[in-house]
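Down below is the structure, laid out as structure tokens.
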Amino acid sequence: MSVAVPTRARSSAALVLAGVLWGTGGLAGSLLASRTGLHPMGVAAYRLLIGGVIATGYLWLTGGLRGLPRTREARRRLLTVGGLFALFQTSYFVAVSLSSVSVATMTTIGSAPVLLAIVTVVKSRRLPATWTLVSLAGSLTGLALLQWTPGEKVDVAGVLFALLAAAGFAALTLVTATRVEGLDPLPTTAFGCLIGGAVLAPAAVWFGMAVPPHADVLALVLYFGVVPTALAYAAYFRGLEGAHPVLAALSALLEPLTAALLSMAVLGERLGVVGWCGAVVLIAALGVAYLRPAS
């Protein structure tokens, strides 16, 4: 008991950190697109490539590359992570272009833990714990209220691509929940981002990746690649080592909450009564997930 509790606390803290950092990426990506006119594919490619380069450079400077496993299992894991990065990033941005940010975000982030819960039920042949079901239901309700836009039209194709993005994120969570011997979260993030960015690069170049060489734009590109990408995914993969995949995926729901609060503080946007109710319900549901009694 004395060992399990600190491990679980560290895992929860890492997952919360990942969700909050992802939320800052929403604002950073939006500002980057508006100031450069980049196609969403270019934004996604920059995010993965910069994050991968910075994380790999850090590993090189600190000697973290010397102990990397060169087994077939490690190579397969990195290729899988890179492919899934490319899949759900592309699918998400296509969903945004076909529908809207709110619909794409709500469908993607809300569907991922549901898909993981279904997979868990099929594999274990038993229903999730009551605390998990309560947290899942509350989180989805809070997300729907937070992202609710009256009269907003829903594009079927956009929803389908958002579901594909959710499936990619769920698959990434399941794959990385089992650790490969000698392959830590940061190298997984570094090379996964590099591979995913390389996959997206040809299409991104086709749509255009040129950005004006202004200090604020370059700072945005750097921040977008380092904080909500390299650091956030490294924290997420670290947290996965001590958390159930469904509860880990719920940490992603902190992304729209953080983004909404930052939009209020930085852009002067307002959050209505329904949105505030959603924020409260979402925080309470995530509290249930992280503070639930240990099984």
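Values quoted throughout were computed directly from the atomic coordinates according to the rules given, and no laboratory measurement underlies them. It should be emphasised that the depicted structure is a prediction, and the values quoted were computed from it without experimental measurement. Cβ sites come from the backbone with ideal geometry, for glycine too, and all protein chains shown count toward neighbours.
Return the calculated 222 nm mean residue ellipticity for the chain, to the nearest 500 deg cm²/dmol, obtained by summing -39500 (n - 2.57) across DSSP H runs with n ≥ 4 and dividing by the residue count.
My calculation for the chain gives -25500 deg cm²/dmol from helical runs alone.
At 0.36 nm per residue, minus the direct Cα-Cα distance, what do Ala144 and Ile283 gain on full extension? Give it in nm, one decimal, please. Provide the component values of the computation, followed by the final result.
On the way: separation 139, 0.36 × 139 = 50.04 nm, distance 1.31 nm.
Value of the extension gain: 48.7 nm.
With a Förster radius of 45 Å, plug the Cβ-Cβ distance of Asp216 and Ala13 into 1/(1 + (r/R0)^6) and report the FRET value to the nearest 0.05. List each step's numbers first, then the result.
Numbers: r = 32 Å, r/R0 = 0.70.
After rounding to 0.05, the efficiency reads 0.90.
With +1 on the Cβ of every Lys and Arg and -1 on the Cβ of every Asp and Glu, and nothing else charged, how large is the dipole of the chain about its Cα centre, in debye rounded to the nearest 20? Walk me through the numbers on the way to the answer.
Working: 18 positive and 9 negative charges, 168 e Å.
In debye, rounded to 20, the chain gives about 800.
So for Ile50, Ile118, Ile109, fewest C-beta neighbours within 10 Å to most, what's the order?
Working: Ile50 20, Ile118 13, Ile109 27.
Fewest-to-most Cβ neighbours within 10 Å comes out as Ile118, Ile50, Ile109.
Please find, in a Gaussian network model of the chain (springs between Cα atoms separated by less than 10 Å), the residue of Ala249, Ala157, Ala166 whose mean-square fluctuation is greatest.
Highest fluctuation among the options: Ala157.
Using alpha carbons only, what's the Rg to Rh ratio of the chain with Rh from Kirkwood?
Radius of gyration relative to Kirkwood radius: 0.96.
Set the Förster radius R0 to 30 Å, insert the Cβ-Cβ distance between Val273 and Ser30 as r into 1/(1 + (r/R0)^6), and round the FRET efficiency to 0.05. Please list the in-between numbers first.
Numbers: r = 24 Å, r/R0 = 0.81.
Step by step, r from the Cβ atoms, then E = 0.80.
Given a cut-off of under 8 Å on Cα pairs at least six residues apart, what relative contact order in percent is computed for the chain? Provide the component values of the computation, followed by the final result.
Values: 438 pairs, mean separation 126.1, N = 295.
Once normalised by length, the contact order is 43 percent.
Between Thr178 and Leu79, what length in nm is gained on full extension when 0.36 nm per residue of separation is reduced by their alpha carbon distance? Before the final figure, lay out each step's value.
Numbers: separation 99, 0.36 × 99 = 35.64 nm, distance 1.53 nm.
Length gained, Thr178 through Leu79: 34.1 nm.
Residues of region 99-142 with the amide nitrogen closer than 16 Å to a label point 7 Å from the Cα of Val156, along Cα-to-Cβ, please.
99
Length gain on complete extension for the stretch Val205 to Thr71, per 0.36 nm per residue less the alpha carbon to alpha carbon distance? All intermediate terms of the calculation are to be shown ahead of the outcome.
On the way: separation 134, 0.36 × 134 = 48.24 nm, distance 3.26 nm.
Full-extension gain reported as 45.0 nm.
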